[in-house]
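Notes for the one structure printed next.
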Amino acid sequence: MTDIRLLARTLDDAVRAASAIPQLSSSTPLTLDEAYAVQRAGVELRRERSDDVVGVKLGFTSKAKAEQMGVSDVIIGYLTGSMAVGDGGAFNLGKAVHPRIEPEVAFRLGRDIDPAAPAADLTDAVDGVAPAMEIIDSRYRDFKFSLEDVVADNTSACGFVIGEWLPPQQVRDRFDLSAQPVRLSVDGHDEASGSTRDILGDPWQALPAVVRMAAQYGHPLAAGSVLLAGAATAAIPLRPGTVRADVGELGSVSVRVV
Ligand code: OOG
């Protein structure tokens, strides 16, 4: 029988040592359900050291990302408190194996969503929309994995930075969230560009996607949670400097990589 907790421990040790491990799939074939069970067991290990869940993230919502990683399904993972970096704050490269960064859109829930019985209008549950960046860091060698590997590895979640929250009504009144240009730059040099349209055609589509995945795999969607909608461009390797994401009229967010 697959020892879910042992696999979770192996991945958790790799996170804490910031050192790469072989892909789990090279020795232990996992089903997708087992991979999500490993992810859950991993988040339990984090909770045991008071690193609590603060939200969820989607992965592979953009075609560029899915193509970059050779994977085709949307995936969901947990965000925990220790992953948060303040806007303009510092991220230490020593904390990660081979981190990459990608520009995103974040939503904040103003009330709980029951994934099993969601309200028809999910946008009602959102009380903030913000530009964001996600730092991803595969714990696997060469940043290579199968779908099951990356799910077990909490979808490569490592860090996230959120810019200023705007009220959703203000966003809706002022501009089209699905048509904002997205730029990722390092020390003022453009590194990647795209559009918010690259996130599932419209970042608001992340809400039903999150609810569907959360209902299937048991992720809680509590008031105050952050939802990262997924990358708008391919990810770029993180190196020292100031990384900034500009998400059109939604605003910008930055992190100092040291
Ligand atoms: C998996 C995480 C991908 C996204 O936004 O597509 C992701 C990875 O590429 O390591 O977070």
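Beta-bridge orientation, the chain: approximately 85 percent antiparallel, per DSSP, counting only bridges with both partners inside.
Explain nothing, just the number: dipole magnitude of the stretch 115-193 about its Cα centre with +1 on each Lys and Arg Cβ and -1 on each Asp and Glu Cβ, in debye rounded to the nearest 20. Before the final figure, lay out each step's value.
Numbers: 6 positive and 15 negative charges, 10 e Å.
Computed charge dipole of the stretch 115-193: roughly 40 debye.
Between ALA223 and ARG172, the contour length at 0.36 nm per residue exceeds the Cα-Cα span by 16.3 nm.
Would you tally the net charge around ILE113, using a Cβ to Cβ cut-off of less than 14 Å, leaving ILE113 out, and scoring K and R as +1, D and E as -1? Before the final figure, lay out the partial values.
Numbers: positive: ARG108, ARG111, ARG212; negative: ASP112, ASP114, ASP121, ASP124, ASP127.
So the surrounding residues net to -2.
Comparing GLU191, GLU67, GLU34 in a Gaussian network model of the chain, where Cα atoms under 10 Å apart are tied by springs, the biggest mean-square fluctuation is seen for GLU67.
Could you state the number of Å between the C-alpha centres of the stretch 218-253 and the stretch 187-202? Each part's Cα centre sits 11 Å from the other's. Using C-alpha pairs below 8 Å separated by at least 6 residues, the relative contact order for the chain is 28 percent.
Using 0.36 nm per residue of separation minus the Cα-Cα distance, give me the extension gain between LYS95 and TRP165 in nm, one decimal.
Length gained between LYS95 and TRP165: 22.5 nm.
The residue list PHE175, GLN216, VAL186 was ranked by how far each Cα lies along the charge dipole of the stretch 92-232 toward its positive end, using unit charges on Cβ atoms, and GLN216 comes out on top. Using the average count of surrounding beta-carbon atoms within 10 Å as a protection proxy, the listed peptides 197-207, 95-105, 165-175, 39-49 rank, highest first, as 95-105, 197-207, 39-49, 165-175. In a simple Cβ point-charge model (Lys, Arg +1; Asp, Glu -1; nothing else charged), the chain has a dipole of about 500 debye relative to its Cα centre. For the stretch 1-61, the solvent-accessible area works out to 49 Å² per residue, with a probe of 1.4 Å and every protein chain left in place. Within the stretch 4-257, what whole-number % of the accessible surface is contributed by carbon and sulfur, with the 1.4 Å probe and all protein chains included in the calculation? Reported share for carbon and sulfur atoms: 48 percent.
Each Lys or Arg adds one and each Asp or Glu takes one away; over the other residues whose Cβ falls under 14 Å from the Cβ of ALA234, this sums to -3. When the helices of the chain are scored as -39500 (n - 2.57) per DSSP H run of n ≥ 4 and the total is divided over every residue, the value at 222 nm lands at -7500 deg cm²/dmol.
The values are calculated or read from the model by the stated rules, or taken from the named source; none is laboratory data. Please read these numbers as outputs of a predicted model, since none were measured by experiment. Positions of Cβ are backbone-derived with ideal geometry, glycine not excepted, and every protein chain shown enters the neighbour counts. The accessibility values were calculated without ligands, DNA or RNA, using every heavy atom of the protein model including side chains. Shrake-Rupley method; radii C 1.70, N 1.55, O 1.52, S 1.80 Å.
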